[in-house]
Amino acid sequence: MKKDLNYYISIDYPVTISYDPEYGYYAKIELLDHCSAVGDTPDEAYANVIESKKLWLETALEEGLDIPEPKAVEEYSGRFVLRLPKSLHAKVVKAAEDEGTSLNQYLVMLISAGYEVNNISKMINSLKNEIALNLRESYFIFQDMLKKFIFKAREEVAEIEEDTEELPEAA
């Protein structure tokens, strides 16, 4: 089968959607570097990232770049054994009871929340690094502009001094 644009568009790439108070909903396709979009709702962000996916794939094909494909999803039972200290076990049982939910549902909620916090933390660190890099670049640009300004100002002061030397002295 020829791997053309239609082939890649038909692939169901996993999409991650998160919320950012400043930009709204943020959707991205991890496998396609920098393929992301925003929207006012999760549905809008999803629709926008699907359009970004198409543009990303078109560009990659035009440039002859390798296009990653998702690996086959492994089958998971949804069950695993977790060993924890008795004291922690007692605390989460009590917390689940206080929430009026089962221990299983409470742990799923905690794991999901922890997973999202971890992803948000990674995004924040990435943004901090990007901001630091941009500030450093801006600093050097500003410094260069300031040097040029000072040099130009000195040239103009020198011209003014030369012009004033040529003036006759006042009587």
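Looking at (1) loosely packed, with under 10 Cβ neighbours inside 10 Å; (2) touching a residue at least 12 places away in the same chain (Cβ under 8 Å); (3) among the charged types (D, E, K, R), which is the only condition GLU116 fails?
(1)
Identify the single condition in (1) closer than 29 Å to VAL15 by Cβ; (2) without any contact (Cβ under 8 Å) to a residue 12 or more places away in the chain; (3) hydrophobic (A, V, I, L, M, F, W, C); (4) in contact with a helix residue (DSSP H, G or I) (Cβ under 8 Å, 6 or more places away or on another chain) that ALA96 does not satisfy, given that it satisfies every other one.
Among (1) closer than 29 Å to VAL15 by Cβ; (2) without any contact (Cβ under 8 Å) to a residue 12 or more places away in the chain; (3) hydrophobic (A, V, I, L, M, F, W, C); (4) in contact with a helix residue (DSSP H, G or I) (Cβ under 8 Å, 6 or more places away or on another chain), the lone unmet condition for ALA96 is (1).
Does ASN48 meet the test of being part of a helix (DSSP H, G or I), within 29 Å of GLU130 (Cβ to Cβ) and without any contact (Cβ under 8 Å) to a residue 24 or more places away in the chain?
On the way: part of a helix (DSSP H, G or I): yes; within 29 Å of GLU130 (Cβ to Cβ): yes; without any contact (Cβ under 8 Å) to a residue 24 or more places away in the chain: yes.
Yes, satisfied.
Name the single residue that is farthest from the chain's Cα centre (by Cα) among those in the stretch 1-19 being surrounded by 12 or more Cβ atoms within 10 Å (Cβ to Cβ) and not aliphatic (A, V, I, L, M). Working first, answer last.
Step one: list which residues in the stretch 1-19 are surrounded by 12 or more Cβ atoms within 10 Å (Cβ to Cβ), which gives 5, 7-9, 11, 13, 15-19.
If we keep only those that are not aliphatic (A, V, I, L, M) as well, we get 7-8, 13, 16, 18-19.
Working: TYR7: 27, TYR8: 24, TYR13: 18, THR16: 12, SER18: 11, TYR19: 12 Å.
Out of the qualifying residues, it is TYR7.
Consider GLU116 carefully, then state whether it is closer than 30 Å to LEU88 by Cα and of a type in the set (D, E, K, R). Step through it out loud before you land on a result.
On the way: closer than 30 Å to LEU88 by Cα: yes; of a type in the set (D, E, K, R): yes.
For GLU116, the condition - closer than 30 Å to LEU88 by Cα and of a type in the set (D, E, K, R) - is met.
FYI, it's all coordinate maths here, none of it is from the lab. What you see is a predicted model, and the numbers here were worked out from it, not measured in a lab. Backbone-built Cβ (ideal geometry, glycine too); neighbour counts: all protein chains shown.
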